[in-house]
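Data first, discussion second: the structure below is written as structure tokens.
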Amino acid sequence: KDNPPSLPARLRAADVNSDGKLSKDELVKVLDKLNLPPPYVNSILRVAGFYEGKELISVNAFLTHLRNRPALREKWENNLFRKVLTAIRKQNLSLEEAFTQLDTDQSNSVNVEELKIGLE
């Protein structure tokens, strides 16, 4: 059985006018063929920049962005973790005390909203 086309091959095939760029509709067609759930499609469109007003994306730039995304996410997470630790230290709190303060609904977990409010 033949292997399915790679993502770069699928993206380039979707570039109907061969200008090296995809419209939102062209990218959605590729993603639909992959049977991705709508939330995944929306996330990919956001990552591609279509929710920032872009009308076209470069296929090569998009592929590069996807390849670099894990490293960028790790850097972002590390920076966020440093900010949280710095905020905790400034208040002279232990991690347990900070967690108790952040966990305003006392669910024994801290959700994104609690974290946002706690870091303000």
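The values are calculated or read from the model by the stated rules, or taken from the named source; none is laboratory data. Values in this document were obtained by computation on a predicted structure and should not be read as measured data. So basically every Cβ, Gly included, is an ideal-geometry build from the backbone, and we count neighbours across all protein chains shown. All accessible areas refer to the heavy atoms of the entire protein, side chains included, with ligands and DNA or RNA removed. Shrake-Rupley method; radii C 1.70, N 1.55, O 1.52, S 1.80 Å.
Among the protein heavy atoms of the chain, carbon and sulfur supply 53% of the accessible surface, probe 1.4 Å, non-protein parts ignored. Adding -39500 (n - 2.57) for every DSSP H run of four residues or longer, then dividing by how many residues the chain holds, sets the calculated 222 nm ellipticity at -20500 deg cm²/dmol. Pairs of Lys residues in the range 24-120, spaced 8 or more positions apart or belonging to different chains, with C-alpha separations under 30 angstrom: 12 in total. Value of Rg to Rh for the range 7-77, rounded to two decimals, is 0.96; Kirkwood radius and Rg both from alpha-carbon coordinates. Matching the structure-derived Kirkwood radius over Cα pairs in Å against the labelled list (i) 15.8; (ii) 14.2; (iii) 17.6 gives the label (iii).
Could you compute the net charge surrounding Ile57? Neighbours are other residues with a C-beta less than 10 Å from the C-beta of Ile57; K and R count +1, D and E count -1. List each step's numbers first, then the result.
On the way: positive: Lys21, Lys24, Lys54; negative: Glu26, Glu55.
After counting each charged neighbour, the total is +1.
Working note: Karplus 6.51/-1.76/1.60 with θ = phi - 60° gives the range 77-91 the couplings 5, 4, 5, 5, 4, 4, 4, 5, 4, 4, 5, 5, 5, 4, 8 Hz, where Gly and Pro are set to x.
On the basis of the beta-carbon distance and an R0 of 41 Å, Arg46 and Thr104 show a calculated FRET efficiency of 0.90. Angle check, please: helix 38-48 long axis (alpha carbons) against the longest principal axis of the chain (alpha carbons), in degrees 0 to 90, nearest 10. Helix 38-48 and the main axis of the chain meet at about 90 degrees. Rolling a 1.4 Å probe over the protein heavy atoms gives the chain an accessible area of 77 Å² per residue.
Which whole-number percent gives the relative contact order of the chain, counting Cα pairs below 8 Å spaced six or more residues apart?
Values: 61 pairs, mean separation 20.8, N = 120.
Result for the chain is 17 percent.
The C-alpha atoms of the chain define a longest principal axis, and helix 24-33 lies at about 90 degrees to it.
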